[in-house]
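Every number in this text was worked out from the coordinates using simple rules, so none of it is lab data. Note that the structure is a prediction, hence the values are computed from the model and not measured. Note that we place each Cβ from the backbone using ideal geometry, even for glycine, and neighbour counts take in every protein chain shown.
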Amino acid sequence: MNRIKCIGVLTSGGDAPGMNPAIRAVTRAAIANGFRVKGIYRGYEGLIHNEIKEFTTESVSGIIGRGGTILKTARSKDFMTPEGRQQAYDNMVAAGIDALVVIGGNGSLTGARLFAAEFDVPCIGLPGTIDNDLNGTDLTIGYDTSLNTIMDCVDKIRDTANSHERIFFIEVMGRDAGFLAQNSAIAAGAEAAIIPEEVTHVDQLAQFIGRGIRKSKSSSIVIVSESPKCGAMYYAERVRKEYPQYDVRVSILGHLQRGGSPSAGDRILASRLGVGAINALLDGQRNVMVGIKDDEVVYVPFSNAVKSDKPLKRDLITALQVLSM
Ligand code: F6P
């Protein structure tokens with residue numbers, strides 16, 4: 001294998017708070033170890049369209065507390081084609097980039113896996129997604145900030161829900177995973193969470209609602225994982241039809257969940273994993289995601305990281321059930 005001299009870094013897919021601290025850590029750890037660094041803009045699109053810029057330590061000054069990603073991001077359709085990947089490879093070679101650090105979620109790391117296999121390019125992934133759905137890492141960059149944002153929103157909705165004695169279905173992101181929904185429900189003291197990992201039956205709805213309305217509580221809050229067919233609107237409609245005595249509202253939190261200054265937890269995680277990405281290259285690792293497991297930095301092969309079956313701990317489901325009584 002040729003010695004690596006220059007590392008390209010990009011962010012791809014949905015942005016996540018903490019991507020900037022990750023870019024900063026990758027850049028500075030790389031330079032500290034004698035590598036050159038090139039920032040690639042708009043994810044894989046920037047590789048295909050040659051939007052590449054030399055980075056210095058100053059390029060990443062003052063960004064640790066900023067949400068979003070200074071490199072911009074995209075979901076590249078062209079990179080899904082062999083022609084697109086060939087163009088990306090040609091530009092990468094022309095720019096003198098010998099290895100890539102890709103910060104992104106499932107789709108982005110799947111792209112990195114494919115690219116690495118086709119062109120024998122050392123690729124290191126960092127888990128950057130609010131969904132927390134990558135395997136082999138306890139946490140993904142952005143998840144903690146998003147969870148806190150959701151909790152703050154639900155706290156505010158609880159005020160108005162109480163005043164009006166209403167039932168709220170609050171829809172949160174997470175794609176196919178219920179980590180954000182389940183844990184924000186626990187953190188905000190919601191009555192229930194409807195998540196893709198669990199089947200919700202019709203009669204459970206009455207139970208969820210009852211938990212909030214009975215006793216001294218005057219409102220009920222159910223957090224619902226986003227879903228094309230069975231999101232918050234779907235459940236609200238069903239309750240309106242089956243329990244017309246209740247005053248039901250829906251709140252879809254949307255993209256505000258992806259914004260904001262990264263939490264301390266996300267900044268530290270991103271910094272550790274960014275340094276870990278450079279250590280991985282120095283260790284001769286390739287085609288792995290750098291994750292965190294039991295407070296240790298670990299290398300997870302892409303093939304494991306992108307499996308869509310990250311387990312949600314059962315005790316979280318029990319805890320919410322017990323505590324929302
Ligand atoms: O993967 C992150 C995520 O925010 C998901 O939770 C959500 O389903 C999706 O991205 C939304 O993507 P977009 O910003 O492209 O609408």
* Quick one: which residues, 5+ away or cross-chain, put their amide H under 5 Å from the amide H of V298? H built at 1.01 Å from N. => G291, I292, K293
* 15 Å Cα-Cα reach of K5 towards aspartates and glutamates, excluding residues that sit fewer than 8 places from it in its own chain -> E54, D98, D283
* Asked: Counting DSSP beta bridges in the chain, what percent are antiparallel, to the nearest 5?
  -> 25
* Asked: What ranking do M233, M151, M19 get, fewest neighbouring Cβ atoms within 10 angstrom at the top?
  -> M233, M151, M19
* the range 248-325-the range 119-149 distance, computed between alpha-carbon centres (Å) -> 5
* GNM result for the chain, Cα springs below 10 Å: residue of G178, G284, G125 fluctuating most strongly -> G284
* **Where only C-alpha atoms are counted, convex hull volume of the range 181-279 per residue in Å³** => 144
* Structure fact -> Restricting to lysines and to Cα separations under 22 Å from K307, and discarding same-chain partners fewer than 8 apart, the set is K77, K293
* Share of Cα-Cα pairs in the range 18-123 beyond 25 Å, in percent? -> 16
* **DSSP beta bridge pairing in the range 1-71, given as percent antiparallel to the nearest 5** => 50
* **Check: the chain dipole with +1 on Lys, Arg Cβ and -1 on Asp, Glu Cβ, in debye** => 340
* **J(HN,Hα) series, the range 67-83, from Karplus relation 6.51 cos²θ - 1.76 cosθ + 1.60, nearest Hz, glycine and proline x** => x, x, 9, 5, 7, 6, 8, 7, 9, 7, 6, 4, 5, 7, 9, x, 5
* If each residue's Cβ is checked for other Cβ atoms within 10 Å, how do R258, R314 rank with the fewest at the top? -> R314, R258
* Give me the distance between the Cα centres of the range 31-68 and the range 172-191, rounded to whole Å. => 33
* Count charges around H255 for me, please; just the other residues with Cβ under 13 Å from its Cβ, Lys/Arg as +1, Asp/Glu as -1. => -2
* Structure fact -> The exposure ranking of S220, S251, S12, fewest beta-carbon neighbours within 10 Å first, is S251, S220, S12
* Structure fact -> Projecting the Cα atoms of C6, V298, V121 onto the charge dipole of the chain, where Lys and Arg contribute +1 and Asp and Glu -1 at Cβ, the residue farthest towards the positive end is C6
* With springs only between Cα atoms under 10 Å, which of N50, N135, N20 fluctuates most in a Gaussian network model of the chain? -> N50
* Residues with beta-carbon under 12 Å from that of I130, excluding I130: net charge, scoring Lys, Arg +1 and Asp, Glu -1? -> -4
* How high is the relative contact order of the range 203-325, in percent, with contacts defined as C-alpha pairs under 8 Å that are six or more residues apart? -> 13
* Structure fact -> Quotient of Cα radius of gyration and Kirkwood radius for the chain, i.e. Rg/Rh, equals 1.05
* Structure fact -> Percent relative contact order for the range 104-226, counting Cα pairs under 8 Å at least six residues apart, stands at 25
* Please give every one of the lysines within straight-line cross-link reach of K156, meaning a C-alpha to C-alpha distance under 17 Å, and leave out same-chain neighbours fewer than 8 residues apart. => K217
* Asked: Relative contact order (percent) for the chain, with alpha-carbon contacts under 8 angstrom and 6 or more residues of separation?
  -> 23
* To do: Sum up the charges of everything whose Cβ sits under 15 Å from the Cβ of I70, counting Lys and Arg as +1 and Asp and Glu as -1, but leave I70 out.
  => +4
* Asked: If you plug each phi of the range 238-246 into the Karplus form 6.51 cos²θ - 1.76 cosθ + 1.60 with θ = phi - 60°, what whole-Hz ³J(HN,Hα) values come out, in order, with x for Gly and Pro?
  -> 5, 5, 4, 6, 7, 10, x, 6, 9
* Treating only the Cβ atoms of Lys and Arg (+1) and Asp and Glu (-1) as charged, compute the dipole magnitude of the range 256-298 about its Cα centre; round to the nearest 20 debye. => 200
